[in-house]
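All remarks here apply to the structure that follows.
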Amino acid sequence: MSKDYSIVSFSTSIDGKTRRLFIAQTPTDLRVIGSMVIEVDLTGETGYIYDLYVAPERRRDGVASFMIRTAISDLGNAEKTSAFTCNIKNKNSVSIALFEKLGFKRCMTYEDDSFYYTFRG
Ligand SMILES: CC(C)(COP(=O)(O)OP(=O)(O)OC[C@H]1O[C@@H](n2cnc3c(N)ncnc32)[C@H](O)[C@@H]1OP(=O)(O)O)[C@@H](O)C(=O)NCCC(=O)NCCS
């Protein structure tokens, strides 16, 4: 079955760092059902994922997975970004399951009880 949503993205550059906003939207009425930001570091090699959110009524439908996979592919091609990182609160078992399913590896625990995850494309 084809997905009833698509991804658009917008970039800004501040002090040499690229920030790219990814938005998942429905094709007919362009309703926003998910969003996420990736900040690419000055070298262009590493993208930090934050502010990932999917509308509650659209969760568990692959929206976050599709946004993250699209972002990894787009930034890999456009910016040659090959590493992706994110911080996840250790209580956020849903997000931990999501990122681990996508192949992110936990590599550090911070004192504020969040985990640092990385992915190499
Ligand atoms: C975390 C969040 C972005 C996931 O979005 P989503 O579109 O529902 O995720 P997906 O449908 O792509 O799920 C992919 C995988 O993640 C895991 N997952 C997602 N929701 C889950 C749930 N409620 N319980 C257990 N595992 C879950 C599963 O492994 C799932 O694969 P499966 O459906 O084949 O079993 C969404 O729940 C959300 O916006 N939460 C509030 C904000 C938040 O926590 N943001 C992340 C901060 S790091």
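Just to be sure before I move on: is N87 more than 16 Å from Y5 (Cα to Cα), among the polar types (S, T, N, Q) and within 13 Å of the ligand (Cβ to nearest atom) in the structure I sent? In short, yes.
The residues listed here are R58, R31; of these, the one that is over 25 Å from D15 (Cα atoms), over 16 Å from the mean Cα position of the chain (by Cα) and surrounded by 15 or more Cβ atoms within 10 Å (Cβ to Cβ) is R58.
Number of residues in region 1-20 that are within 12 Å of L75 (Cα to Cα) and within 15 Å of the ligand (Cβ to nearest atom): the value is 0. Residues of region 52-110 that are assigned to a helix (DSSP H, G or I), of a type in the set (V, I, T) and farther than 22 Å from K17 by Cβ: V63, V94, I96. Residues in region 69-121 that are under 21 Å from A24 (Cβ atoms), β-branched (V, I, T) and surrounded by fewer than 15 Cβ atoms within 10 Å (Cβ to Cβ): V94 alone.
In region 51-78, the residues that are closer than 14 Å to S35 by Cα reach residues that are part of a helix (DSSP H, G or I) and at pLDDT 95 or above with C-beta atoms within less than 6 angstrom, at least six apart or across chains, in these pairs: V54/V63; V54/A64; A64/L98.
The values are calculated or read from the model by the stated rules, or taken from the named source; none is laboratory data. Treat the numbers as computed from the prediction; the structure is a model and nothing was measured. Ideal geometry is used to build each Cβ from the backbone, glycine not excepted, and the neighbour counts take in all protein chains shown.
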